[in-house]
Structure formats: structure tokens, C-alpha cells
Amino acid sequence: MSLIKSISGIRGTIGGLPGNNLTPIDIVKFTSAYGQFIMQEKWGNTIVVGRDARISGQMVAGLVNSTLIALGFDVIDLGLSTTPSVELAVSEMKAAGGIIITASHNPKQWNALKLLNNNGEFLNETQAGKVLNLAEKSDLEYSEVNKLGNIHHQHDGYIDRHIERILELPLVDTEAIKKKGFKIAVDAVNSTGGIAVPKLLKALGVHEIIEVNCVPDGHFAHNPEPLPENLTELSQKVKSSKADLGVSVDPDVDRLALISENGEMFGEEYTLVAVAQYVLQNTPGNTVSNMSSTRALRDITEKAGMSYSASAVGEINVVQQMKASNAIIGGEGNGGVIYPEIHYGRDALVGIALFLSHLAKIGKKASTYRATLPQYVISKNKISIDDNFEVDDILKKIQEKYKRHPINTTDGVKIEFDEEWVHLRKSNTEPIIRIYAESKSSTLADNLANRIMKDIGELLKNNGK
């Protein structure tokens, strides 16, 4: 069906033909290339491997581990784990790198190899390019029998250590959370969040935990992307059980979506905003999100007297911008919270702990608190482009038309209209332009997006002129 090779790793559907899908041959090929890359970088000889609970995970892990051992690497196999737990393990163990076997929010037929550097962060564009180039070479060499690597299993997936580190964070207030006596419903879409999130909540002192789809068997009960249309069961459970909050994570636990006590979505865009407000109130500093994320983070940051900056879309781009601007918190509007105090990676578990600490201290219901945050709505759209047109040329024409407005071309074209904005960027995998627009209401956001899509339509009608 599909095999996607990009900066974020190697992703594809299981089964089918090599080169078109994520088959055993492709898994060995790209794992071998990654191992060769690690050797060239001379980062060390130990690689951490962890996986989410999807059905194909054990098969893929076996191939990955055996390939790394055949290259002479020692493998620390965490087994069922989470993306942020693996990232933390690579950093704390001073490993040479890490591979996370997860297709994130994709359905169960997908799996992927997410590749980490020796800091437990995703490879940058240059590093990922080297891996892809090595994968096309035919002279990869494996170790002789006396130089084969070894495998070491850690059966708790490093999750217990991850939680321990979260509890050590100064802004995580377990006493305040325990005193509030929260009742929380959790939907972990039958993956490793079903292990990690209840463990974390118990460690934080949450009194009552209602588990929904928390058996980590990989048989996803619904589309695993934590969007409103996929979380109706959790929303109903929050209302029927009179819970204080609903918590949803994606299969590898790096994205966090929240549901208020009234069963309404807190807003995936607002996970980062709420956590950032708490962090800013206690440790002032700069913030970062990607260019397609809500303006609300900029608003609360500037209100606190600090500086906000936007990065290109993609976690590693956010991380690089955070380091460049010395940001104390950052992330993405898809529910991804990056808190450098623990590690540079999206982490739903640290997001849960910081949000609950904040909610406990302000003494408000989630819905009441949500109403106090800057109110914006994002309209997300896309438009197909015929192969006869160059997407870059279309974007340049739009940029020229709106040149009197503030424009950022770091990643596509982002145009600001007072408190509104529109972001256009081409897809790396399909002939489309993504058009995200934000305003104070869904009607205004849709109108802005439609205005830009009409401009693009006119360009296409006139052959790009």
C-alpha cells in the first residue's frame, strides 16, 4: 500500500511487496543503514529499542534487534514502551541511538521505525538523508560470528524510570493533585498508554482512574488519532461517570488530548497552551511552537513578558528552535508538549503531570479554565495540485499577492492578518497544498481559508499566472 521515507523515519503498511510496503526486507534494509550511520558517527555501540503495542510490533522488533546484533551492536530492548520513554532511556543510558517501533497515530496496518540520535532526539534532515542514502548502497557489511552484538531486555519498558523522573520535576505537585481527589477517565487506544498513563496517575495520587481501551493488545478500538470524532466513547464516559477530566493519548504516547468534565474537548491545540501557561507562571522564559499551531501560545507568552518564536513543522525543527531561543517549553498544536527540564521530545506523560498540577492549584473545573484562555479556532484544509503545476511557484505567487502583510517563509508561506493567520505548505508525500487558517471563530477561520483557496484556484485556472 505505502512506504514513506522521510525525516521522521521509515513508515509503511505491513505486508505486500518490498519497496512498496514495510516488509521484512525493508525493515532489515533501513535498520542496517541506520546502524551503518551510527558507526560512521562513532557515537557508540549500544542502541535502545522500544515499541508500541500494535499487532506487528513484536515481528518488527525481532527483525530490528537481530539486524543490529548482526552489525555488532549491543541492543537494550525495552519491549512495550512509549516514544518519550525510549528518548529518555537513550539520553540517560548514554546510548549511541535508539529506534522506536511505532506508526504513531496511524491505523493498525501501519508500523514505522523512528530513528533517534545519541541525545535521544530525532535525526535532523542531514542525518536522516545520510541514512536514506546508505539504504540504497549494496556494500553494507555485517559482523563475523565472534563480533556479534548482544541483547539485554528491560521488561518495564523504562516506563517506571520515566515516571520517577516526572515526579522529580519541581513543577509537578503530587500533594496538590492528591488533595483534589481527581477522578480521571483514560483512553489509551489499546496501546502502551494503557500501561503508562494509569501508572503515572496512581503515582501522582489520583484517587479514581476509569480505564477505557487500556488493554495493550494492539487491537485499536477506534482510529488512534486523538481527534474529537475518535473520542466519543471517552467523552461519554467522562460525563456518565462524572469524571473531572478525560485523558487520551496516541499509541506511542507523545500526543495528549484532554476532555473537560462536561464531555467537551479541551482542544488538542490547547494542551500545550495550558501547560505552557503553568510553566510560565513559575519559571519565566521563552516558548516555541510550529507555524501551524495556535496563536494562543504567543499571546500568553507575550502577556507574561517573554518571547515566542515559530519553527517549521516537525518535532526536530521545534527542538532546534527551542535550543536556539533557549525556550523553557515548546511543542506542537497536535497535543505535543516538549519540556526540556526532562528531555527534548514530545511527552504526553509529562504533559499530564504538569496539567494536573496546574488544574489542582487554580481550583477550577477544566471547562471553566479553558474559557479563560485566548479563544482561537483553526480551519484545516487541503487542495490538490495537478502534476503540471509546481507547488513552489504557486506559493510564490500567493506570497507576492500578500506582500504587504507580515510573511514567514521558513516552512511554506505563513501570512499574518492582525490576529488571524493562514499557513500554506506543500505535502512531502502527496501533490497537495495544506492550508491552515486561524481566527476568533470557525466561521472567520473558514472564510480566511476559503479566500486563499480561491486565490489558488484562480492561479490554477490561469495556468499559474
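The values are calculated or read from the model by the stated rules, or taken from the named source; none is laboratory data. Since we're looking at a predicted model, the values are computed, not measured. Cβ placement follows ideal geometry from the backbone for every residue including glycine, while neighbour counts extend to all protein chains displayed.
Got a number for residues in the stretch 308-322 being surrounded by fewer than 21 Cβ atoms within 10 Å (Cβ to Cβ) and small (G, A, S)?
Selection size over the stretch 308-322: 3.
Would you confirm whether any residue within the stretch 95-113 is among the basic types (K, R), more than 26 Å from A276 (Cβ to Cβ) and in contact with a His (Cβ under 8 Å, 6 or more places away or on another chain)?
Quick first cut of the stretch 95-113, residues among the basic types (K, R) only: 108.
Filter once more, keeping what is more than 26 Å from A276 (Cβ to Cβ): 108.
In the following step, the residues that additionally are in contact with a His (Cβ under 8 Å, 6 or more places away or on another chain) were identified as 108.
Among the residues of the stretch 95-113, at least one is among the basic types (K, R), more than 26 Å from A276 (Cβ to Cβ) and in contact with a His (Cβ under 8 Å, 6 or more places away or on another chain), which makes the answer yes.
Does G181 qualify as being farther than 28 Å from A103 by Cα and in contact with a His (Cβ under 9 Å, 6 or more places away or on another chain)?
Working: farther than 28 Å from A103 by Cα: yes; in contact with a His (Cβ under 9 Å, 6 or more places away or on another chain): yes.
Yes; evaluated as a whole, the condition is true for this residue.
Output the strands (runs of 3 or more DSSP E) that fall wholly within the stretch 145-216 and possess 2 or more residues being modelled with pLDDT of 95 or more and closer than 30 Å to L71 by Cβ, or say none.
Values: elements: 151-153, 183-187, 208-212.
Passing ranges, in order: 151-153.
Go through the stretch 323-332 and give me each residue that's closer than 14 Å to A310 by Cβ and surrounded by fewer than 24 Cβ atoms within 10 Å (Cβ to Cβ).
Result: A324, S325.
How about the stretch 33-50: which of its residues are surrounded by 17 or more Cβ atoms within 10 Å (Cβ to Cβ) and of a type outside the set (A, V, I, L, M)?
Across the stretch 33-50, the qualifying residues are Y34, G35, Q36, F37, W43, T46, G50.
Please state which one of G193, G218 is surrounded by fewer than 24 Cβ atoms within 10 Å (Cβ to Cβ), in contact (Cβ under 8 Å) with a residue 60 or more places away in the chain and within 27 Å of E315 (Cβ to Cβ). Please lay out each step first, then the result.
Numbers: G193 fails: surrounded by fewer than 24 Cβ atoms within 10 Å (Cβ to Cβ).
The match here is G218.
Looking at the stretch 369-386 only, could you name the residues that are farther than 15 Å from I456 by Cα and either touching a residue at least 24 places away in the same chain (Cβ under 8 Å) or surrounded by 14 or more Cβ atoms within 10 Å (Cβ to Cβ) (or both)?
First, pick out the residues of the stretch 369-386 that are farther than 15 Å from I456 by Cα: 369-380.
Residues satisfying the conditions are Y369, R370, L373, P374, Q375, Y376, V377, I378, S379, K380.
Residue by residue, here is whether (1) outside the structural domain of G218 (by TED's automatic domain parsing); (2) within 20 Å of the chain's Cα centre (by Cα) holds:
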| site | (1), (2) |
| --- | --- |
| G98 | yes, yes |
| K114 | yes, yes |
| N118 | yes, yes |
| E125 | yes, yes |
| G129 | yes, no |
| Y142 | yes, no |
| N150 | yes, no |
| D173 | no, no |
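Residue check: is G267 in contact with a strand residue (DSSP E or B) (Cβ under 6 Å, 6 or more places away or on another chain) and either under 25 Å from S441 (Cα atoms) or crowded, with 24+ Cβ neighbours inside 10 Å (or both)?
Working: in contact with a strand residue (DSSP E or B) (Cβ under 6 Å, 6 or more places away or on another chain): no; either under 25 Å from S441 (Cα atoms) or crowded, with 24+ Cβ neighbours inside 10 Å (or both): yes.
Taking the combined requirement at face value, the residue does not satisfy it.
Taking the stretch 305-337 as the search range and keeping residues that are under 15 Å from T283 (Cβ atoms) and without any contact (Cβ under 8 Å) to a residue 24 or more places away in the chain, which one is farthest from the chain's Cα centre (by Cα)?
Result: G305.
Hey, does the stretch 271-280 have a residue that's among the hydroxyl-bearing types (S, T, Y), within 27 Å of P107 (Cα to Cα) and in the same structural domain as E208 (by TED's automatic domain parsing)? Give the derivation first.
Step one: filter the stretch 271-280 for residues among the hydroxyl-bearing types (S, T, Y), giving 271, 278.
Now narrow it down to the ones that are within 27 Å of P107 (Cα to Cα): 271.
Filter once more, so that each one left must be in the same structural domain as E208 (by TED's automatic domain parsing): 271.
Yes, that holds for at least one residue.
Would you pick out the residues in the stretch 79-98 that are surrounded by fewer than 24 Cβ atoms within 10 Å (Cβ to Cβ), in contact (Cβ under 8 Å) with a residue 60 or more places away in the chain and in contact with a Gly (Cβ under 6 Å, 6 or more places away or on another chain)? Break it down stepwise before answering.
Narrowing the stretch 79-98 to residues surrounded by fewer than 24 Cβ atoms within 10 Å (Cβ to Cβ): 79-80, 91-94, 96.
With in contact (Cβ under 8 Å) with a residue 60 or more places away in the chain added as a condition, the list becomes 79-80, 91-92.
Result: G79, L80, S91.
Looking at V313 and the list (1) β-branched (V, I, T); (2) modelled with pLDDT of 95 or more; (3) more than 29 Å from I209 (Cβ to Cβ), which single condition is not satisfied?
(2)
So, in the stretch 102-146, of the ones that are within 23 Å of I76 (Cβ to Cβ) and of a type in the set (F, W, Y), which residue ends up surrounded by the fewest Cβ atoms within 10 Å (Cβ to Cβ)?
Y142
Looking only at the stretch 1-17, which residues are assigned to a loop (DSSP other than H, G, I, E, B), of a type outside the set (S, T, N, Q) and surrounded by 18 or more Cβ atoms within 10 Å (Cβ to Cβ)?
Filtering the stretch 1-17 down to residues assigned to a loop (DSSP other than H, G, I, E, B) leaves 1-2, 7-8, 15-17.
Those still in the list that are of a type outside the set (S, T, N, Q) too: 1, 7, 15-17.
Matches in the stretch 1-17: I7 only.
Which of (1) within 27 Å of I100 (Cα to Cα); (2) not assigned by TED's automatic domain parsing to the domain that holds D252 does N146 not meet, given it meets every other one?
All conditions pass for N146, except number (1).
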